[in-house]
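Enquirer: Before I ask anything, let me first share the structure, which is written out below as structure tokens.
The values are calculated or read from the model by the stated rules, or taken from the named source; none is laboratory data. Fair warning: this is a prediction, and the values are worked out from it, not measured in the lab. So basically every Cβ, Gly included, is an ideal-geometry build from the backbone, and we count neighbours across all protein chains shown.
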Amino acid sequence: MEIIHISAECYPIAKVGGLADVVGALPKYQNKVGKKTGVVMPYFNTKFTQNNSFKIDHRNTVSLGDLLYDFEVLILENDDLGYPLYLIKIPGLMDRENVYGYSDDTERFLAFQKAALNWIVQFHDKPEIIHCHDYHTGLIPFMMLYAHQYASLKDIPTILTIHNAQYQGQFSFDKLYYFPEYDLSNSGMLEWAQMINPLAAAVKCAWAVTTVSPSYLIELRSAANGLEWLLDNEKGKSIGILNGIDTEVWNPATDPMISKNFNKQNSLSGKKNNKMFLCDKFDLNPEKPLFAFIGRLVGEKGAELLPEIFDTILSNPELDANVLVLGSGDPGVEYSLNSIKEKHKGNYNAFIGYDETLSHIIYAGADFLVMPSRVEPCGLNQMYSLRYGTIPIVRSIGGLKDTITDISEEDGFGICHENTAVDEACIAIERACELYKDQPKFKKIRKQIMQIDHSWDKAANNYIELYNKLINK
């Protein structure tokens, strides 16, 4: 079976969020069980592309209306990733430092999708599955079904995985002339709310739709940024498959980024060493429980509540706690998180930005991870924290609901609250402080969570089972 994953992100080439981690791991685990799986993504001007060697596999042109762009398909020369990597380089459009955030993102990602199909359509042996990820690749299923120049691809099953339905890539029908020629009577497959909506088009046109957790699939039928009816209507071809994590990258016993490696047998000394590193670096008290937040400082993560949550906790004289934040996003949230540093000096610090190495050390050294998310389609952070013996404090939503069981329940190992609210998050952190005081129970849970298996093995096989069903149709 030959599978092609098409995505805007893939770790370690270019990463903005969890999409990159999924696309960087799932193909590797599918190859391990004997499938021929590769990744197609844009060429961005990142450290990875600057520091690695590529060979040219294909040259062609792609059009956006009257504009023609030359492009190349580059293949990574080494096989260190565990799967073939193909980068589509479109000079002037895709070869920039950032993945998103440009005024011409509509043009950039439409050109990328057309270029990918221009390359695939000339294959002698076509792939058996094309797996699209999020709206940036959402027009591919439509073009494969209806565009005349890609008619030879219409019988290849396509899958859309929704990593986050809040982002849909809508744009005006004024740009319809960018599309390859197709029968205009099929334009309704592109339309949602009088706009061209790539995510809606993919939900309509893909042979199957998956979400990154079972709970998220159910939640989307009532909260999908305007696509609720559509996703409910297409539930017959939809399935929720919980993401995994790459346990080769995220392994405290071998992780080269942390200050001391450890496993569940020597987690006490290993966690202590990494905690000391963090406390020394950020002027925190190693005797107190360390609460951490890692992630984008955006509304979906409940980030605007974090300054008040942490200020409330640290102002409570009955609680002894440290807080460390790693993240970037909303400038107002960044300012507020920085503004409480002086007030809680010695017990609080924040690193505004993104640092992959630091994130690994925080997972390894923190005692608790705080995730008061409003939306969490799957969540990988809580799985990383489990792997590193850091107890998650989560709002029960999406994948957090599917992966974390509250300590009040039998065999529970996390701390949960129902709503994204300051008072509920504070109560959850207070419960965590009580748990930390009960060191025998705390250490028992720490060892318990390090044994939970959230590897990609099961999820990869679930996807392969879905592929086989579609091929057999």
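Enquirer: Tell me, please, whether a residue that is assigned by TED's automatic domain parsing to the domain that holds Tyr135, acidic (Asp, Glu) and either within 19 Å of the chain's Cα centre (by Cα) or assigned to a helix (DSSP H, G or I) (or both) can be found in the range 14-34.
Expert: Yes, that holds for at least one residue.
Enquirer: For the range 406-458, how many residues meet the condition of being in contact (Cβ under 8 Å) with a residue 60 or more places away in the chain, surrounded by 16 or more Cβ atoms within 10 Å (Cβ to Cβ) and within 30 Å of Pro27 (Cβ to Cβ)?
Expert: Final tally of qualifying residues: 5.
Enquirer: List the number of the failed condition for Gly101; all other conditions in (1) in contact with an Asp or Glu (Cβ under 7 Å, 6 or more places away or on another chain); (2) on the phi > 0 side of the Ramachandran plot hold.
Expert: That leaves (1) as the condition not met.
Enquirer: Restricting attention to the range 220-267, and to residues there that are part of a helix (DSSP H, G or I) and either under 18 Å from the mean Cα position of the chain (by Cα) or without any contact (Cβ under 8 Å) to a residue 12 or more places away in the chain (or both), which single residue is surrounded by the fewest Cβ atoms within 10 Å (Cβ to Cβ)?
Expert: Initially, the range 220-267 is screened for residues part of a helix (DSSP H, G or I), giving 220, 228-233, 235-237, 267.
Right, trim to either under 18 Å from the mean Cα position of the chain (by Cα) or without any contact (Cβ under 8 Å) to a residue 12 or more places away in the chain (or both) and you get 220, 228-229, 232-233, 236.
Details: Leu220: 25, Glu228: 15, Trp229: 11, Asp232: 13, Asn233: 13, Gly236: 6.
Taking the candidates together, the pick is Gly236.
Enquirer: So, one more: Is there a residue being surrounded by 23 or more Cβ atoms within 10 Å (Cβ to Cβ), over 21 Å from Ser187 (Cα atoms) and either within 27 Å of the chain's Cα centre (by Cα) or without any contact (Cβ under 8 Å) to a residue 60 or more places away in the chain (or both) anywhere in the range 137-144?
Expert: No: zero hits.
Enquirer: Does Glu465 satisfy the condition of being under 21 Å from Thr210 (Cβ atoms) and of a type outside the set (Lys, Arg)?
Expert: Numbers: under 21 Å from Thr210 (Cβ atoms): yes; of a type outside the set (Lys, Arg): yes.
In short, yes.
Enquirer: Let me ask you something else. Of the residues Arg387, Arg431, Arg395, which is among the charged types (D, E, K, R), in contact with a Phe, Trp or Tyr (Cβ under 9 Å, 6 or more places away or on another chain) and in the same structural domain as Leu326 (by TED's automatic domain parsing)? Write out each step before concluding.
Expert: On the way: Arg431 fails: in contact with a Phe, Trp or Tyr (Cβ under 9 Å, 6 or more places away or on another chain); Arg395 fails: in contact with a Phe, Trp or Tyr (Cβ under 9 Å, 6 or more places away or on another chain).
Going through Arg387, Arg431, Arg395 in turn, the sole match is Arg387.
Enquirer: From the list Gly188, Gly138, Gly169, exactly one residue is touching a Cys at 6+ places or on another chain (Cβ under 7 Å) and closer than 24 Å to Leu227 by Cα. Which is it?
Expert: So the residue among Gly188, Gly138, Gly169 that is touching a Cys at 6+ places or on another chain (Cβ under 7 Å) and closer than 24 Å to Leu227 by Cα is Gly138.
Enquirer: Against the definition (out of contact with any Ser or Thr (no Cβ under 7 Å at 6 or more places or on another chain) and either within 18 Å of Leu369 (Cβ to Cβ) or at pLDDT below 95 (or both)), how does Leu297 come out, yes or no?
Expert: Numbers: out of contact with any Ser or Thr (no Cβ under 7 Å at 6 or more places or on another chain): no; either within 18 Å of Leu369 (Cβ to Cβ) or at pLDDT below 95 (or both): yes.
Considered against the rule, which asks whether it is out of contact with any Ser or Thr (no Cβ under 7 Å at 6 or more places or on another chain) and either within 18 Å of Leu369 (Cβ to Cβ) or at pLDDT below 95 (or both), Leu297 comes out as no.
Enquirer: In addition: Given the criterion farther than 30 Å from Lys264 by Cα and out of contact with any strand residue (DSSP E or B) (no Cβ under 9 Å at 6 or more places or on another chain), identify the matching residue among Glu342, Glu304.
Expert: That would be Glu342, the only listed residue that is farther than 30 Å from Lys264 by Cα and out of contact with any strand residue (DSSP E or B) (no Cβ under 9 Å at 6 or more places or on another chain).
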